[in-house]
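The values are calculated or read from the model by the stated rules, or taken from the named source; none is laboratory data. Quick caveat: nothing in here was measured; it's all calculated off a predicted structure. Cβ sites come from the backbone with ideal geometry, for glycine too, and all protein chains shown count toward neighbours. Keep in mind that these areas ignore ligands, DNA and RNA; they rest on the heavy atoms of the full protein, side chains included. Shrake-Rupley method; radii C 1.70, N 1.55, O 1.52, S 1.80 Å.
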Amino acid sequence: GIQVEQSPPDLILQEGANSTLRCNFSDSVNNLQWFHQNPWGQLINLFYIPSGTKQNGRLSATTVATERYSLLYISSSQTTDSGVYFCAVERVGYTGGFKTIFGAGTRLFVKA
Amino acid sequence: NAGVTQTPKFQVLKTGQSMTLQCAQDMNHEYMSWYRQDPGMGLRLIHYSVGAGITDQGEVPNGYNVSRSTTEDFPLRLLSAAPSQTSVYFCASSIERNTEAFFGQGTRLTVV
């Protein structure tokens, strides 16, 4: 099946620093989303980005579908950015149904 | 705005017991799904539904049943709980496939 790999697995930043999180996937996909799971466990959708670039405040994401990767940029990091960032892809299965596959996540801790 | 509501938030079961995790959304979303989250493994899709009366298996369906009699509700049934089903369960919904997903708060299930 399709493999989704996220890097780095863990990241510690000083408040105010910038970072780039990467998501590689092993096959073509129909959809790609980035999620943030805060320290209380809540999952929040950040971007729906099967291709191209999107920006939302200090966050932006770029997906290059032809090269099978996506990047999440966090600028001027804040302590509230701490948590786990997940990349999730969707693709149509052989039987016509479709599957959602999550990466293992990047755990981010932003120090004050 | 309630969004996606999961109940209960916490549950402890004995091996062999059955139970139903509830999920309800008030956004008139067609697509709903259940995931389990285990440490270090990200989220894995259990079952999903593209509309009332239509369900399909995800990545890890064994030991779980679902039904979708209404647009609003998508319960997940554990037929005979096993310790391997100890996990955090998330329900999600979206307008349709390949659109932004909204997650519930999660249910932390422990099987002893």
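Express the relative contact order of chain A as a whole percentage, based on alpha carbon pairs under 8 Å and six or more residues apart in sequence.
Numbers: 286 pairs, mean separation 40.5, N = 112.
Relative contact order for chain A comes out at 36 percent.
Computed about the Cα centre, the dipole magnitude for chain B is approximately 480 debye when only Lys and Arg (+1) and Asp and Glu (-1) carry charge, each at its Cβ. Give me the residues in the stretch A:21-42 whose solvent-accessible area, probe 1.4 Å, is reduced by at least 50 Å² once all protein chains are included instead of the chain isolated. The answer is A:Gln42 - residues whose exposure falls by at least 50 Å² when every protein chain is included. Taking 0.36 nm per residue of separation and subtracting the current Cα-Cα distance, fully stretching the chain between A:Trp40 and A:Thr20 would add 4.9 nm. The accessible area of A:Arg68, taken with all protein chains in place and a 1.4 Å probe, comes to roughly 90 Å².
How much of the accessible area of the stretch B:1-58, probe 1.4 Å, is carbon plus sulfur, in whole percent?
Using a 1.4 Å probe with all protein chains present, the stretch B:1-58 comes out at 50 percent carbon and sulfur.
The simple Förster model, with R0 at 45 Å and r as the Cβ-Cβ distance, assigns B:Lys14 and A:Thr66 a FRET efficiency of 0.30.
A:Lys111: net charge of surrounding residues, Cβ under 12 Å, Lys/Arg +1, Asp/Glu -1, itself excluded? Cβ neighbours under 12 Å give a net charge of -2. Once you sort the root eigenvalues of the Cα gyration tensor of the protein assembly as shown as a ≥ b ≥ c, which label holds: rounded (a/c under 1.5), prolate (a/b larger than b/c) or oblate (the other case)? It is prolate, given that a/c is not under 1.5 and a/b is the larger ratio.
Quick one: with all protein chains in place, what share of the accessible area of chain A is carbon or sulfur, to the nearest percent (1.4 Å probe)? Kindly include the intermediate steps, with their values, before the conclusion.
On the way: 2740 of 5450 Å².
C and S atoms contribute 50 percent here.
The gain in end-to-end length when the A:Lys111 to A:Ile12 segment is fully stretched comes to 34.9 nm, 0.36 nm per residue minus the alpha carbon separation.
Please report the buried accessible area for the interface of A with B, total over both chains, probe 1.4 Å, in Å² to the nearest 100.
In total, chains A and B hide about 1700 Å² from solvent.
Per residue, how large is the accessible surface of the protein assembly as shown? Use a 1.4 angstrom probe and give square angstrom. Walk me through the numbers on the way to the answer.
Working: 10680 Å² over 224 residues.
Per-residue accessible area for the protein assembly as shown comes out at 48 Å².
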